[in-house]
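Novice: Next up is a structure, given as structure tokens.
The values are calculated or read from the model by the stated rules, or taken from the named source; none is laboratory data. Nothing here was measured: the structure is a model prediction, and the numbers come from that model. Note: ideal-geometry Cβ built from the backbone for every residue, glycine included; neighbour counts use all protein chains shown.
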Amino acid sequence: MKTIIRTITAVALLLAGTTAYAQSFGAGYVNSSRTMYSDSPADGFYAGFGYSAEIAPGLYLNPGLYYEFLTASSSTNIGSGLVTADSKTTEHYINVPLHLSFGIDLAPTFRLFVYGGPTANVGLASTTEEKGSIVGISGNTTVNNYENDNISRVDILVGGGAGIEVMKKLRLTVGYDLGLLDHDATEDVTLKRNRLTAGAAFIF
């Protein structure tokens, strides 16, 4: 929790000292290629606010604060239902990007740009619900993945992407991030997370 507070405070101070060219509210789709449970991909969404401040002609600083939700499930069936196992994991994150973007105006109402940089990624909660049955006898349990400090909450993502801006009101982006830090605190497993994003932002 202290890490979360420090991260949010740092972004607030950064934004407070920046003359904003534009503010935006954005949301979109997230696909995470690797998460805490396994190599299984997870799907979800993000939503939050961003700022754009011009620091040189065509070059902008783009900090922001975004919430991210991910979920993934797996199912095993052995012997035509004699043994079944189902698992569903949900994860909640706060993302704090500090990106730079550079673009050119292809028309008075149409701008093409690329962006890149780091994103601080902080895990708020992660739970796995497991259900299983053996010859009709069933049971279930819910595990807090952060409970024993075997999974790290903090990651640094580095990536980039491209987008278009229409009439300085609508921004469409697609991007990809690579996770730099190992989520698994144990020595025998390396667990890094990459993600693909696609979304839209309304500029105001």
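Novice: Checking R193 against (1) outside any strand (DSSP E or B); (2) touching a Phe, Trp or Tyr at 6+ places or on another chain (Cβ under 8 Å), which test does it fail?
Specialist: (2)
Novice: Now, a different point. Looking at A53, A72, A42, A85, which is the one that is closer than 27 Å to L191 by Cβ, in contact with a Leu (Cβ under 7 Å, 6 or more places away or on another chain), at pLDDT below 95 and of a type in the set (A, V, I, L, M, F, W, C)?
Specialist: Within the list A53, A72, A42, A85, the selection yields A42.
Novice: Yes or no: F102 touching an Asp or Glu at 6+ places or on another chain (Cβ under 9 Å) and either of a type in the set (F, W, Y) or closer than 16 Å to G50 by Cβ (or both)?
Specialist: On the way: touching an Asp or Glu at 6+ places or on another chain (Cβ under 9 Å): no; either of a type in the set (F, W, Y) or closer than 16 Å to G50 by Cβ (or both): yes.
No.
Novice: Another one. State which residue is surrounded by the most Cβ atoms within 10 Å (Cβ to Cβ) when the search covers only region 107-149 and only residues that are closer than 19 Å to A85 by Cβ and touching a residue at least 60 places away in the same chain (Cβ under 8 Å).
Specialist: Looking at residues that are closer than 19 Å to A85 by Cβ and touching a residue at least 60 places away in the same chain (Cβ under 8 Å), I get N145.
Novice: Between L191, L181, L196, which is at pLDDT below 90, out of contact with any Gly (no Cβ under 7 Å at 6 or more places or on another chain) and surrounded by 15 or more Cβ atoms within 10 Å (Cβ to Cβ)? Break it down into steps so the answer makes sense when it comes.
Specialist: Working: L181 fails: surrounded by 15 or more Cβ atoms within 10 Å (Cβ to Cβ); L196 fails: at pLDDT below 90.
The unique qualifying residue is L191.
Novice: What pairs come out if I take residues in region 189-204 that are without any contact (Cβ under 8 Å) to a residue 60 or more places away in the chain and pair them with residues that are part of a loop (DSSP other than H, G, I, E, B) and surrounded by fewer than 19 Cβ atoms within 10 Å (Cβ to Cβ) whose C-beta lies under 7 Å away, six or more apart or interchain?
Specialist: T190/D182
Novice: If you check I134, I151, which single one turns out to be over 15 Å from the mean Cα position of the chain (by Cα) and over 26 Å from D177 (Cα atoms)?
Specialist: So the residue among I134, I151 that is over 15 Å from the mean Cα position of the chain (by Cα) and over 26 Å from D177 (Cα atoms) is I134.
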